[in-house]
Amino acid sequence: MGNMNEAPAATENESATTDGFHLVIDALKLNGITTIYGLPGIPITDLTRKAQAAGMRVISFRHEQNAGNAAAIAGFITQKPGICLTVSAPGFLNGLTALANATTNCFPMILISGSSEREIVDLQQGDYEEMDQLAIAKPLCKAAFRVLHAQDIGVGVARAIRSAVSGRPGGVYLDLPAKLFGQAMDAIAGKNSLIKVVDPAPRQIPAPDSVKRALDLLKGAKRPLILLGKGAAYAQADADIKALVEKSGIPYLPMSMAKGLLPDTHPQSAAAARSYVLAEADVVMLVGARLNWLLSHGKGKTWGAAGGKQFIQIDISPTEIDSNVAIAAPVIGDIGSCVAALLEGMGASFPKPPAEWTGAIGERRDKNLSKMAETLTKDPSPMNFHSALNVVRDIVKANPDAMLVNEGANALDFTRSIVDMYKPRKRLDVGTWGIMGIGMGFAVAAAIETNLPVIAIEGDSAFGFSGMEVETICRYNLPVCVVIFNNNGVYGGKDVNPTGHADAAPTVFVKGARYDKLIEAFGGVGVHATNPAELRKAMEEAIRSRKPTLINAVIDEGAGTESGRITSLNPQAAKKK
Ligand code: ADP
Ligand code: TPW
């Protein structure tokens, strides 16, 4: 006999409620976010399961930092905030490096972390993984929010999305206490509480007088130069940027992640005459690039002794202007709108730069390129960076759609200068901080977001920071080809312990390590390559087969220099040189 007081079996009533888990998932999906990069555990394990059940892609990592880096670079590639999901305290902290790095690099991402209960945290009563995460995240990101009630999830997610992608993009933290997930609410009310963000990154049209000021300055220049930064790559205004460069006839330099915005083989590229143009230019137009350390702060020897340079700066952030040197003509707006306005203002008869300037650049460029070509043809044994990168250069040329991830010191600097890029947003690297550890996270996201083959050129030290994610690459069967430039240590492997003690020198690793065996543990393809022919064959096969591959490329342990190209920032090493 049924008891009338018994809880009813699944009825309409039950299906008419929703909860925190589902509201988070629905809020993300409503805003076109379909992938979560994360790592499960209390209190978000069920969120990962339910998200997958709801049709989202949930990419599970082995360490949150790598999930965070994946989310950040997904944001850079897609202009949608990449989502990183972590557990509380330790998982949250593991994700923070990536969140801070995203903010520093202007990549939109949202770190969502489960957290302990406010009542216990605030009284410091020692909850499981207790930590005041919101307070800790705040100084490291653009914005930070906490949601306490299920009915506020829609607002919380909407605010997080807007904060990440509007204006200068960056990292956002969203704190979701464990209790929130189980909170039930009426399904219709829940649905109505969600917000589909309208125009999340509104265009910002530059003021017409700022555009005119910039054009007047450019017109009067004798030695103009355009500098394209990763902000220009992010903006996805590729056709207009190309038109601006070509219509003006002005030589340009791409910053590292702006390589390929125009093909590196473009006749106006001054990359092979970089120091000459930086020193000699009289008017420099920055397009989505900051005058930070990567550009010697816009002053000093790099920029020529004479001084008197004038800058035009296109940026979405008005407070970036004058950050290092005076900017004569700021143009504030989104790059798409600014470049379009400049193009329009140029009209049909914009003067081309003087031939003495473009001619002098051309001469230096040709000389440097032929010197480089000569170096690249040498075939020393063991390989050096040049002979190995000559192979990578050919492979990328033959596969211009492939995504290239790059980290290390020498492995980074030589790859940047030797491997030409042909298409926008293909080169993903250590960015503004020169951070090691982005490699495998970036590689996973590049594959997931684009489905294109990914080549990761990694210093052996750099690889170690995220190396365990080769399991992730194998698990999702991603078309990633990791090439480790193995020179037995940080910068190289030649240091010795001066005391004669058995401990290795601090920069030296196990000699002759076989990183290729690592991926074999997970069913991937491992290759040990000791010469350019073996490297070429293995890379070609990896791209053809799309199988997870790790190539251990043996490089002369004495081939690099300490700190690569930034030895000058390392006074001790500079003295040794
Ligand atoms: P790089 O390292 O390549 O020199 P930075 O990261 O230093 O580039 O600079 C990127 C700049 O681009 C930042 O100042 C940022 O505010 C700006 N930016 C990013 N996205 C946009 C955009 N859509 N429109 C205008 N400026 C942008
Ligand atoms: C998070 C300092 C800069 S470059 C580098 C380190 C440790 C590794 C260089 O050796 P690698 O490359 O990768 O083998 P190569 O080609 O020169 O041999 N911790 C972090 N970020 C940085 N930048 C460092 C340490 C560093």
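Points worth noting:
- Each DSSP beta bridge with both residues in the chain is either parallel or antiparallel, and the antiparallel ones are about 5%.
- Spacing of the two label points (7 Å from each Cα toward its C-beta) at T265 and A355, in nm: 2.7 nm
- With 20 Å as the limit on Cα-Cα distance, the pairs of K29/K423; K230/K371; K247/K301; K259/K352; K230/K423; K80/K247 that go past it are K29/K423; K230/K371; K247/K301; K259/K352; K80/K247.
- Taking every alpha-carbon pair within the chain, the share separated by more than 46 Å comes to 19 percent.
- Reach of K517 by Cα under 27 Å, taken over lysines that are not fewer than 8 positions away in the same chain: K494, K537, K547
- Bins of 5 Å from zero: percent of alpha-carbon pairs in segment 378-576: 1, 8, 17, 22, 21, 15, 8, 4, 2, 1, 0
- Residues whose amide H falls under 5 Å from that of Q310, counting only those 5 or more places apart or on a different chain, are V283, V284, with hydrogens built in the peptide plane.
- Overall form of segment 130-263 per C-alpha gyration tensor (a/c, 1.5; a/b vs b/c): prolate
- The antiparallel fraction among DSSP beta bridges confined to segment 61-199 stands at about 0%.
- Sorted on the mean count of surrounding Cβ atoms within 10 Å across their residues, most packed first, peptides 402-415, 233-246 read 402-415, 233-246.
- Other residues lying with their Cβ under 11 Å from the Cβ of S337 contribute a combined charge of -2, Lys and Arg counting +1, Asp and Glu -1.
- Counting only alpha carbon atoms, the long axis of helix 238-248 and the longest principal axis of the chain meet at about 20°.
- Among 254-267, 56-69, 146-159, 374-387, the peptide with the highest mean count of other Cβ atoms within 10 Å heads the list, and the full ranking is 56-69, 254-267, 146-159, 374-387.
- Antiparallel %, DSSP beta bridges [both residues in segment 378-576], to 5: 5 percent
- Highest average packing first - 503-515, 110-122, 175-187, 344-356, Cβ atoms within 10 Å: 110-122, 175-187, 503-515, 344-356
- Segment 457-574 shape via C-alpha gyration tensor axes, a/c threshold 1.5: prolate
- Using Cβ point charges alone (K and R +1, D and E -1), the dipole size of the chain about the Cα centre works out to roughly 1960 debye.
- Between T86 and I112, S113, G114, the built amide H atoms are under 5 Å apart, and every one of these is 5 or more places off in sequence or on another chain.
- Working note: Karplus 6.51/-1.76/1.60 with θ = phi - 60° gives segment 410-420 the couplings 5, 4, 7, 5, 5, 5, 4, 8, 9, 8, 6 Hz, where Gly and Pro are set to x.
- Amide hydrogen proximity for I226: with H placed 1.01 Å from N in the peptide plane, the residues at 5 or more positions away or on another chain lying under 5 Å are Y252, L253, M285.
Just so you know, all these numbers are worked out from the coordinates, no wet-lab data involved. Nothing here was measured: the structure is a model prediction, and the numbers come from that model. As a convention, Cβ positions derive from the backbone with ideal geometry for all residues, glycine included, and neighbour counts pool all protein chains shown.
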